[in-house]
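Asker: One structure coming up, written as structure tokens, with questions to follow.
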Amino acid sequence: MRFHFKTAYDQDLRLFRHGGQVFWYGFLAVVLLAAPWWASAYVMSQLHFIAIYSIVGFGLMMLTGFTGQISLGHAAFLAVGAYTEALMQAAGVPFFISIACAALFAALVGVIVGLPALRLKGIYLAIATLAFNVIVEEIITRWHGLTGGNEGKHLKPVEIFGWKLASDAEFYYLCLALTVLCCLACVNLLRSPTGRAFVAIRDSEISAACLGVNLAKYKTMSFAFSAALTGVGGALYAHKIAFISPEQFTLFQSIELITIVILGGIGFLHGAVLGAAFIIVLPQFISIAKDYLPAALAGASGLQATVFGLVLVGFIIFEPLGLYGRWLKIRTWFELFPFYRKGMFRRQKSYMKSERLR
């Protein structure tokens with residue numbers, strides 16, 4: 001097993017801890033940059049969605065995985081970003097300004113949601129965000145003059161300085177660049193005092209407050225930052241689909257988004273990417289498996305939702321650390337073989353359960 005001994009503060013500022021990470025991330029970058037040459041049009045389309053959902057996953061991971069705030073209403077922030085982008089493109093606003101406004105407006109809505117939710121936690125916060133999702137969906141449906149109602153909104157391809165990104169490869173590079181930028185923003189935020197405050201709130205709110213962490217400030221900041229990233233993802237999602245309507249931002253979409261962080265691994269930024277890839281690839285495997293299932297089962301309308309539910313329950317019971325947690329176990333097994341102990345990753349009791357004090 002590799003041990004890293006830090007002898008200077010500058011070592012904490014490095015993005016990569018050792019040369020091995022530089023090699024593997026560099027190899028991944030080369031593979032992704034060369035994707036238009038080795039991937040088919042169908043695979044490119046799936047890579048678009050993986051990049052978009054990864055951005056949304058980063059936002060939800062910052063809120064749920066690192067601040068401990070549950071949200072079942074992130075489809076509403078996705079809708080805010082998508083409709084902001086659609087309206088600004090129709091008004092002739094340049095893309096870089098419109099996507100920044102989509103992030104800013106989604107962040108403002110996140111603040112509006114975060115402030116009333118300061119006194120809520122657990123299931124009550126989940127119910128509050130679920131209600132917010134329903135409210136936004138109804139507003140989009142009823143406000144026909146602005147959003148087009150059920151008729152929806154059409155979007156044109158992204159245009160940057162007069163250059164239309166009409167091909168799959170051009171739009172893919174845009175999504176990939178924004179995904180990398182959002183990931184770097186999350187990494188740097190987590191290394192800052194703000195990110196450490198988020199983690200302190202997640203571990204124990206009372207202990208964090210005793211250490212001087214302003215709970216109201218940092219919870220609201222977490223909601224705003226998470227909503228901003230989701231707004232960016234919503235803007236890209238709108239351009240990818242080229243048509244948006246209220247039916248695309250329902251409660252099922254919010255559950256699908258929270259599934260990203262649960263399946264990928266709560267508390268790991270890598271988990272956002274792995275979870276996004278998993279929920280994009282899983283429906284393709286389901287459609288392939290239908291050819292080998294009985295006709296009555298293959299034609300059932302709720303087959304995909306049922307499989308998603310079973311997979312989610314299975315991960316919660318058997319692999320609570322998600323896909324990235326499973327990878328950590330596999331890597332540790334190879335590093336420690338033959339001295340690996342089965343209970344090494346068994347979840348331990350928290351050091352102090354301050355919330356249980358009466």
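The values are calculated or read from the model by the stated rules, or taken from the named source; none is laboratory data. Quick caveat, the model's predicted, so the values are computed rather than measured. Note that we place each Cβ from the backbone using ideal geometry, even for glycine, and neighbour counts take in every protein chain shown. Accessible surface is based on the protein model in full, side chains and every heavy atom, while ligands, DNA and RNA are left aside. Shrake-Rupley method; radii C 1.70, N 1.55, O 1.52, S 1.80 Å.
Asker: With labels modelled as points extended 7 Å from the Cα through the Cβ direction, what inter-label distance (nm, one decimal) is found for residue 90 paired with residue 288?
Answerer: For residue 90 paired with residue 288, the spin-label model returns 4.1 nm.
Asker: Which percent of the accessible heavy-atom area of the chain goes to carbon and sulfur, probe 1.4 angstrom? Spell out each step's value before the answer.
Answerer: Values: 13540 of 19700 Å².
Here carbon and sulfur together make up 69 percent of the probe-accessible area.
Asker: Just flag the chymotrypsin sites (Phe, Trp or Tyr not before Pro) in the range 120-183 sitting in loop per DSSP whose Cβ has no more than 16 other Cβ atoms within 10 Å.
Answerer: Of the chymotrypsin sites (Phe, Trp or Tyr not before Pro), the ones in loops of the range 120-183 whose Cβ has at most 16 other Cβ atoms within 10 Å are 143, 161.
Asker: Rounded to whole Å and sorted largest first, list the principal axis extents of the Cα atoms in the range 38-344.
Answerer: On the principal axes, the range 38-344 reaches 61, 57, 38 Å in Cα extent.
Asker: Would you calculate the separation in nanometres between label points at residue 296 and residue 112, each defined as 7 Å from the Cα along the Cα-to-beta-carbon direction?
Answerer: 5.0
Asker: Classify the range 10-96: rounded, prolate or oblate, from the alpha-carbon gyration tensor (a ≥ b ≥ c, eigenvalue square roots; a/c under 1.5 rounded; otherwise prolate if a/b is larger than b/c)?
Answerer: oblate
Asker: Hey, can you find the accessible area per residue of the range 126-263 for me, probe 1.4 Å, expressed in square angstrom? Don't skip to the answer; put the middle values down first.
Answerer: On the way: 6230 Å² over 138 residues.
Here the per-residue accessible area is 45 Å².
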